[in-house]
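Okay, structure first, notes after.
Quick note: the coordinates plus some simple rules give every number you see, no bench work behind them. Note that this is a predicted model, so its numbers are computed, not measured. FYI the Cβ positions are ideal-geometry reconstructions off the backbone, even for glycines, and counts take in every protein chain you see.
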């Protein structure tokens, strides 16, 4: 039995052309109320599993940079459990 929600985040996509044959892919994630998304980079002492964005190989395009997070981040610390994480908030 599982008590977790199967899709607690919703995603939107857009593409912006920045120059000839160069595009930016924008992915926007919106978690449901009470949920959060862990940042891609976590402190060494974090027990959170960082978010990982993976692109399938495709001969029609190449990826030139790693995904960047834009927006506010929130550091969460639970001193009793001795853990912390960085969550992307917007």
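With N the number of residues in the chain, Rg(Cα) / (2.2 N^0.38 Å) evaluates to 1.33.
For the chain, relative contact order (Cα pairs under 8 Å, six or more residues apart, normalised by length) works out to 24 percent. In this label model, residue 11 and residue 47 are separated by 2.8 nm, measuring between points 7 Å along each Cα→Cβ vector.
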